[in-house]
Amino acid sequence: MAAPESLIGESSSACGAELSFERLLHEAVHGIAASRGVRDTSRAGRYHNRRFLAIAEELGLDHADEPHPSSGFSLVTLNPEARRRYRPTIERLGRALKAHTVATAADSSRSFRGPAARHGSSGGGVRVKAVCDCGRNVRVVPSVLAQAPIMCGGCGKPFRIPEVAAVG
């Protein structure tokens, strides 16, 4: 059983502190399941079963009444009581994410420039399309690309996140 992990960085800042905290709690459910020896997913980790759901409820996460056909109960949200209980932690996370954004804003090679597409259930952050000048593309978490260039095997040039044109 692989250890769960979660990346906090540019994509987390784009999603906001509460959504980022929900992601962290989602990953904490996997961690608790692993420590208890509970198999909480199937289908290569995509389908979150009722054992995942039971632990999620322990942490104050709500869920849909019926599972999603392909991901099960992966989409969990803070219930009102948990939102109150975790409010100080969510606020501290918000301050940390803001500080991260300020610290990296001046360095355009490290800044997240694309839109936050959605809150994914992968636990790895929001992936965006990085492109190469030869026309190839990959999906990547922006902070991974910021750590070091990802080089194209076709032409040898680095993938980059394209600038988003301003609307208006």
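The values are calculated or read from the model by the stated rules, or taken from the named source; none is laboratory data. None of these values were measured; they are calculated from a predicted model. Here Cβ is always computed from backbone atoms with ideal geometry, including for glycine, and neighbour counts include all displayed protein chains.
Every residue in the stretch 65-98 that is out of contact with any Gly (no Cβ under 7 Å at 6 or more places or on another chain), in a helix (DSSP H, G or I) and surrounded by 16 or more Cβ atoms within 10 Å (Cβ to Cβ), please. Give the steps one after another, and end with the answer.
Restricting attention to the stretch 65-98, the residues satisfying the condition of being out of contact with any Gly (no Cβ under 7 Å at 6 or more places or on another chain) are 65-77, 80, 83-84, 86-98.
Now narrow it down to the ones that are in a helix (DSSP H, G or I): 80, 83-84, 86-98.
Passing the criteria: 86, 90, 93, 94, 97.
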Exactly one condition in (1) modelled with pLDDT under 85; (2) in contact with a Gly (Cβ under 7 Å, 6 or more places away or on another chain) is false for residue 113; which is it?
(2)
Could you run through the stretch 38-64 and say how many residues are charged (D, E, K, R) and either part of a strand (DSSP E or B) or touching a Leu at 6+ places or on another chain (Cβ under 7 Å) (or both)?
1
Would a scan of the stretch 67-77 turn up a residue that is over 29 Å from residue 139 (Cα atoms), modelled with pLDDT of 90 or more and not acidic (Asp, Glu)?
no
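Within the stretch 26-36, can one find any residue that is of a type outside the set (A, V, I, L, M, F, W, C) and more than 19 Å from the chain's Cα centre (by Cα)?
The first filter runs over the stretch 26-36 and keeps only residues of a type outside the set (A, V, I, L, M, F, W, C), leaving 26-27, 30-31, 35-36.
Then keep just the ones that are more than 19 Å from the chain's Cα centre (by Cα); that gives 35-36.
Yes: the stretch 26-36 contains one or more residues that are of a type outside the set (A, V, I, L, M, F, W, C) and more than 19 Å from the chain's Cα centre (by Cα).
Could you tell me which of the residues 34, 17, 130, 56 is surrounded by 18 or more Cβ atoms within 10 Å (Cβ to Cβ) and modelled with pLDDT of 90 or more?
Working: 34 fails: surrounded by 18 or more Cβ atoms within 10 Å (Cβ to Cβ); 17 fails: modelled with pLDDT of 90 or more; 130 fails: modelled with pLDDT of 90 or more.
It is 56.
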With the checklist (1) within 18 Å of the chain's Cα centre (by Cα); (2) modelled with pLDDT under 85 in hand, flag the one item residue 104 doesn't pass.
(1)
Sole residue being more than 19 Å from residue 18 (Cβ to Cβ) and hydrophobic (A, V, I, L, M, F, W, C), chosen from 64, 99, 54
54
